[in-house]
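Peer 1: Structure in structure tokens, see below.
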Amino acid sequence: MAKTTTDTVKTTAAKKPATKKAAAKAAAAPTGEAKAKFTKAIEEARAGATALTKEAQAKAGAYKEQISARSGDWVDEAKDLAGQAKERASDLAVEGKTKTSDAIASLGQIVADNAGTIDEKLGAKYGDYARTAARTMQETAAKIEAKDINELGDDAKQFVRKSPAMALGIAAVFGFLFSRLFKGGSNEA
């Protein structure tokens, strides 16, 4: 048994460092290795982040160039659409002007055609009023047809500035007539 105890003491003595300095050195060796590995990992992470940043900046630059190139196309498309809308609005305004002029002229013609009947039923004085109104309507229709859309818009603005109450009254009457026209048309259907 003596031999076993001696072997155990030798094994234990071999495992324990002889001095405190040797023990610190043995303990520091794994710590130094860990620090080196950690430092190396940090450096690799920084390098990876730098590479990713550069790659992201390159992709962002490429996307920016694509967007810049396409934005010119978008601006051109928007200008084309705006031009088409303006052209279409102008066409509709001219069409509306023509229809309005024709409607006033037709109404004037109806009043003129019925002036004789008004003479017979109500008297010559009222027939003359009807003829005057018919003539005024036809002259107004001719003036509307002769003017440009911009001139008509300016005339309407001046009329509203000069006589806002009359313009409001006329708008109310036309609104009432249109509502009756559409209300009557929907009831008949």
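Peer 1: Of all residues in the range 76-100, how many are over 30 Å from T140 (Cα atoms) and basic (K, R)?
Peer 2: Looking only at that region, the number is 1.
Peer 1: Right, another one. Listed residues A156, A105, A130, A134; which is in the same structural domain as A171 (by TED's automatic domain parsing), in a helix (DSSP H, G or I) and either surrounded by 14 or more Cβ atoms within 10 Å (Cβ to Cβ) or of a type in the set (A, V, I, L, M, F, W, C) (or both)?
Peer 2: A156
Peer 1: Quick one: in the range 140-153, of everything that is under 35 Å from the mean Cα position of the chain (by Cα), of a type outside the set (S, T, N, Q) and assigned to a helix (DSSP H, G or I), which residue is surrounded by the most Cβ atoms within 10 Å (Cβ to Cβ)?
Peer 2: Per the stated criteria, the residue is L152.
Peer 1: Say whether the condition of being among the acidic types (D, E) and within 45 Å of the chain's Cα centre (by Cα) is met by at least one residue in the range 126-135. Steps first, answer last, please.
Peer 2: Residues of the range 126-135 among the acidic types (D, E): 128.
Remaining after also requiring within 45 Å of the chain's Cα centre (by Cα): none.
For the range 126-135, residues among the acidic types (D, E) and within 45 Å of the chain's Cα centre (by Cα): absent.
Peer 1: If you don't mind, another one. Being surrounded by fewer than 10 Cβ atoms within 10 Å (Cβ to Cβ) and over 24 Å from F174 (Cβ atoms) is the requirement here; does D73 meet it?
Peer 2: It is true that D73 is surrounded by fewer than 10 Cβ atoms within 10 Å (Cβ to Cβ) and over 24 Å from F174 (Cβ atoms).
The values are calculated or read from the model by the stated rules, or taken from the named source; none is laboratory data. Model, not experiment: these values are computed from the prediction. Note that we place each Cβ from the backbone using ideal geometry, even for glycine, and neighbour counts take in every protein chain shown.
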